Structure formats: C-alpha cells, structure tokens
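First comes the structure, then the notes that go with it.
The values are calculated or read from the model by the stated rules, or taken from the named source; none is laboratory data. In this text the structure is predicted, and so the values were computed from the model without any measurement. Positions of Cβ are generated from backbone atoms using ideal geometry, with glycine treated the same way; all protein chains shown enter the neighbour counts. Side chains included, ligands, DNA and RNA excluded: accessible areas come from the protein's heavy atoms. Shrake-Rupley method; radii C 1.70, N 1.55, O 1.52, S 1.80 Å.
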Amino acid sequence: MTTAAPKPPTITHGQLAEGLLGDIGSDEFLEGLDFTDLDLAEADAKGATFLDSALTRVTFGGSDGHADLTGARLSGVRLTDSRADTLMMPRANLVHTEVSGCRIGAGVCYDSVWEKVVIDNCRISYLNLRSAKLTDVEFRGCAIDELDLDMATATRVAFPGSTVGSLQLAGSTLRSVDLRGLAPHKITGIQALRGATIDDQQLMVFAELFARELGIIVE
C-alpha cells in the first residue's frame, strides 16, 4: 500500500493593495491585501478572514503582548519571514495557505482545521495542534522541538527534510501520515502510529522509544 502524498495548496495572487494595521480587527473581512513590515502585537483579529492576501515580515508580538487570531480564517494566504513569541491561533481555519521562513516560539493552534497547507523552512519551539483536523499538510525543512498532535486527526501529512524533537500522538487518528526521516527523541501515544509510514532505519531507532512507552525493560 502506497502512502498518499499531501495535495499542494493553490495560491494565485493578483495585484495586492497595501494592508494597514488599522484594517485588522475582530471579524473583519480582508481580501487582496499585502501586509508588510507591521507590528501586530496586541492586534485583535479574532474571527477575521484573510482571503488571497500576503503577510510579510510581520511581528505577531512578544512577551509583552501578542496578536489574537482565535477563530481566524485564512484562504489563499502567504505568510513569509515573520516572527511570533506566541502565535495565538486556536480554532482557526487555514485553507490553501503557505507559511515560510517564520520563527515561532509557541504556536497555539488547537482545535484548528488545516487543509492544503505548507509549512516551509520554519523554526518552531512548540506547536500545539491538539484536537486539530489536518488534511494535506506538509512540513518542509522545518525544525520543531515539540509537536503536540494529541487527539488530532491527520490525513496525508508529511515531514520532508524536517526534524521533530518530541512527538505527542495520544488519542490521535493517522491516515497516510509519512514520518520517514524523523528521529524524535520521545514519542507518546505510540498506539496511534497505526496509519503512519516509517522506514527501515527508523524502525530500529524507534524500537527503544516503543519499549520505553510500553514499559518494556531490555537487558
């Protein structure tokens, strides 16, 4: 049985108008805008819709405050070379979206729906995707210290060229999830690996993790 690859997003941007900080607000509908070199710290974008837009070199806030994108909807969006100590985006909906070259401390994205999303060359300390629904998602060349997929449903998800330090899978459902190339130092919820693909070398590396998770003593 062949592991199905994620289907790529389709993003077509025409001429984008300049997006301003004042355009962003709770439940706002934002279409065809280019947000560049903006500090979005403490911006209230709860429930906002970003359609066919670009966000480039934006800052989503630091330790003093961060943007709130709870329940936001992104479709046909490119997010590039941006920074966030905390990316607050729970219960969000991302469709046909690319995130590239970003540095994120904590990505708070639980209960989200991601479909046809590419995360490319990003550095993420902690990514919380608990109870999320991921379909056709690809992490390319990313470094993720801790990936939390507890209770998530993942279909056609892959990690080419990426590293993940700790992988949490308790209660998750995986279908055509390609973990080849990953070498996490910790995996929890190994029972959920049904539906995942690994290679021969990983099987040997994972054996110790499986034994540890199952409480098996190897002497």
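One table, with the values for the structure above:
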{"quantity": "Relative intensity, log₁₀ I(q)/I(0), of segment 1-84 from a Debye sum that treats every alpha carbon as a point, q = 0.16, 0.19 Å⁻¹", "calculated": "-0.61, -0.81"}
{"quantity": "Charge dipole (the chain, unit charges on Cβ, about Cα centre) - positive-most of Leu167, Gly19, Gly105", "calculated": "Leu167"}
{"quantity": "Relative contact order %, the chain, counting alpha carbon pairs below 8 Å whose residues are six or more apart", "calculated": "12"}
{"quantity": "Leu214 accessible area, assembled protein chains, probe 1.4 Å, Å²", "calculated": "100"}
{"quantity": "Of all accessible heavy-atom area on the chain, the percent that carbon and sulfur account for (1.4 Å)", "calculated": "50"}
{"quantity": "Dipole of the chain, positive direction: furthest Cα of Leu193, Thr49, Pro6, with charges on the beta-carbon", "calculated": "Leu193"}
{"quantity": "On Cα atoms only, tilt of 200-214 relative to the major axis of the chain in degrees", "calculated": "80"}
{"quantity": "Magnitude of the charge dipole, segment 55-130, Cβ model with Lys/Arg +1 and Asp/Glu -1, debye to 20", "calculated": "100"}
{"quantity": "Test item: Cα-centred dipole of segment 161-219, Lys/Arg +1 and Asp/Glu -1 on Cβ, debye", "calculated": "240"}
{"quantity": "Probe 1.4 Å, all protein chains present, accessible-area order of Lys46, Lys7, largest first", "calculated": "Lys7, Lys46"}
{"quantity": "Partner aspartates and glutamates for Lys186 [C-alpha distance under 16 Å; skip if fewer than 8 residues away on the same chain]", "calculated": "Asp145, Glu146, Asp148, Asp150, Glu208, Glu213"}
{"quantity": "Amide H contacts of Thr173 (H built 1.01 Å from N, under 5 Å, at least 5 apart or other chain)", "calculated": "Ala152, Thr153, Ala154"}
{"quantity": "Backbone HN-Hα couplings from phi across segment 34-41 [Karplus 6.51/-1.76/1.60, Hz, Gly and Pro as x]", "calculated": "10, 9, 10, 6, 10, 9, 9, 3"}
{"quantity": "Part-to-part distance (alpha-carbon centres) for segment 175-192 and segment 54-123, which is given in Å", "calculated": "23"}
{"quantity": "Kirkwood-Stokes translational diffusion coefficient of segment 92-219, alpha-carbon pairs, 4 °C, 1.567 mPa s, µm²/s", "calculated": "89"}
{"quantity": "Accessible surface, per residue, of segment 86-213 when the full set of protein chains is kept, probe 1.4 Å, Å²", "calculated": "41"}
